[in-house]
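Asker: Mind having a look at this structure? Questions to follow.
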Amino acid sequence: MNEALADWAALALTPGIGPSSFLRLLACFGSASVAVHESRGSLAVCLDAKQLDSWFSGEGRRAAEAALAWAQGAGCSLLTLNDDDYPTRLAESDSPPPLLFARGRRELLAQDMLAMVGSRRATPQGLQTARLFAQKLGEQGYTIVSGLASGIDAAAHEGALATPASSIAVIGTGIDRVYPSSNRALAHRLAEHGLILSEFALGAGPLAGHFPQRNRILAGLTRGCLVVEATLDSGSLITARLSLESGREVMAVPGSILSPQSRGCHRLIKQGARLVESVDDILEEVGTAIAADTEAAKPAAEQDVASVDDPAIEALLAEMGYDAVALDTLLARLRLTAEAIYPMLLELEIQGRVASLPGGCYQRLR
């Protein structure tokens, strides 16, 4: 057993000893291995009574033993603040986690990253936007980071997994749990082709307080944060705020003024977030990704990302003309289903060739 890592993990996984207290212990005693052998009186310089009780209960030691055993599994490891591959941006953030459970391709931590978050109850258009933006940003070398939640998070992971830059999920439970359970298959794909990170002890459940805590890691890892859809009470706005406080770029995709799923994005834009209509808007804001070697990356073969062929796009544009046209009219003219036409319209919006208008209408711009 790596005793130094065991001591580090024992302190990091003791309930109540958060990143700030952990760093105080290192400053006071020089190392975790020294701190764990100190008396209660000596530790009282850095810890309060509740933290001391928690440490001397032995819960951190038990959690560390389980963590080290888990880390023997294929693709599993423990990442500490002392490790050379601990991401620099996260290390320089206000509250870097001293220990992270990592499952998957740890080399992705060397990539430039962007956070993509949004509503759990996303609209079909929002899901398609997240997938396409994530895929196109991945093709530009950005690893997409999200929280493995339903809705926009899941769509962002799916889009990014189709690219060599892949995707990282930062979760609000122990790494041995999947929440929500409906994302179990996605989590397995992330563990194989991407990366899953958690700072919580094995077995930790989806407690409400875990998710804002998780969001600070999303903000800390990344160069910027894109919100695709969000209600006014969406947790994704917490990630956006933390990103702003960390000096990261904050961007938002606008939507219909009639949709509650767009109001959070509109508020962010009013507060100064970059209004995003295309991937070029994002790249103008955050710059070009400095990508690490991703030769070993393999897109998930089973990934189903919408693709559209040029003849279909050109036929759609020809039928649109340059006047505003209702979706129902386009469907009738082209004899297509809504499921077939939405990906094409979204692709054209991203390219800046078509604009969506109130009332379900579209207009060709060029």
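Asker: Does segment 116-134 contain any residue that is in a loop (DSSP other than H, G, I, E, B) and either surrounded by 24 or more Cβ atoms within 10 Å (Cβ to Cβ) or without any contact (Cβ under 8 Å) to a residue 24 or more places away in the chain (or both)?
Answerer: Yes; the residues of segment 116-134 include at least one that is in a loop (DSSP other than H, G, I, E, B) and either surrounded by 24 or more Cβ atoms within 10 Å (Cβ to Cβ) or without any contact (Cβ under 8 Å) to a residue 24 or more places away in the chain (or both).
Asker: Here's a follow-up. It is to be established whether one or more residues within segment 136-151 are farther than 21 Å from Q72 by Cα, open to solvent by 10 Å² or more (accessible area, probe 1.4 Å), out of contact with any His (no Cβ under 6 Å at 6 or more places or on another chain) and not in a loop (DSSP other than H, G, I, E, B).
Answerer: Scanning segment 136-151 turns up at least one residue that is farther than 21 Å from Q72 by Cα, open to solvent by 10 Å² or more (accessible area, probe 1.4 Å), out of contact with any His (no Cβ under 6 Å at 6 or more places or on another chain) and not in a loop (DSSP other than H, G, I, E, B).
Asker: While we're looking at this one, here's another question. Being part of a helix (DSSP H, G or I) and either surrounded by fewer than 16 Cβ atoms within 10 Å (Cβ to Cβ) or among the acidic types (D, E) (or both) is the filter here; which residues of segment 75-90 pass it?
Answerer: Selection gives T88 alone.
Asker: Within segment 263-280, how many residues turn out to be farther than 27 Å from D94 by Cβ, open to solvent by less than 50 Å² (accessible area, probe 1.4 Å) and either under 18 Å from the mean Cα position of the chain (by Cα) or at pLDDT below 95 (or both)?
Answerer: Qualifying residue count for the region: 2.
Asker: Six or more apart or on different chains, Cβ atoms under 9 Å: show the pairs whose first residue is in segment 74-94 and more than 15 Å from A110 (Cα to Cα) and whose second is open to solvent by 50 Å² or more (accessible area, probe 1.4 Å) and among the basic types (K, R).
Answerer: Correct list of pairs: G75/R103; G75/R106; C76/R103; S77/R103; S77/R106.
Asker: What do you reckon, is L195 of a type outside the set (G, A, S) and touching a residue at least 60 places away in the same chain (Cβ under 8 Å)?
Answerer: Considered against the rule, which asks whether it is of a type outside the set (G, A, S) and touching a residue at least 60 places away in the same chain (Cβ under 8 Å), L195 comes out as yes.
Asker: Something else about it: Inside segment 330-356, can you point out the residues that are surrounded by fewer than 14 Cβ atoms within 10 Å (Cβ to Cβ), assigned to a helix (DSSP H, G or I) and either out of contact with any helix residue (DSSP H, G or I) (no Cβ under 9 Å at 6 or more places or on another chain) or of a type in the set (V, I, T) (or both)?
Answerer: A332, the sole residue that qualifies.
Asker: Residues in segment 90-107 that are closer than 22 Å to V227 by Cα and within 15 Å of the chain's Cα centre (by Cα): how many?
Answerer: 1
Asker: Being surrounded by 24 or more Cβ atoms within 10 Å (Cβ to Cβ), of a type in the set (S, T, N, Q) and not in a loop (DSSP other than H, G, I, E, B) is the filter here; which residues of segment 152-197 pass it?
Answerer: Across segment 152-197, the qualifying residue is only S167.
Asker: On the basis of being small (G, A, S), on the phi < 0 side of the Ramachandran plot, at pLDDT 95 or above and surrounded by 15 or more Cβ atoms within 10 Å (Cβ to Cβ), does S39 make the cut?
Answerer: Against the criterion (small (G, A, S), on the phi < 0 side of the Ramachandran plot, at pLDDT 95 or above and surrounded by 15 or more Cβ atoms within 10 Å (Cβ to Cβ)), S39 does not qualify.
The values are calculated or read from the model by the stated rules, or taken from the named source; none is laboratory data. This is a predicted model, so every value here is computed, not measured. Positions of Cβ are generated from backbone atoms using ideal geometry, with glycine treated the same way; all protein chains shown enter the neighbour counts. Remember, those area values only see protein heavy atoms, side chains included, never the ligands or the DNA or RNA. Shrake-Rupley method; radii C 1.70, N 1.55, O 1.52, S 1.80 Å.
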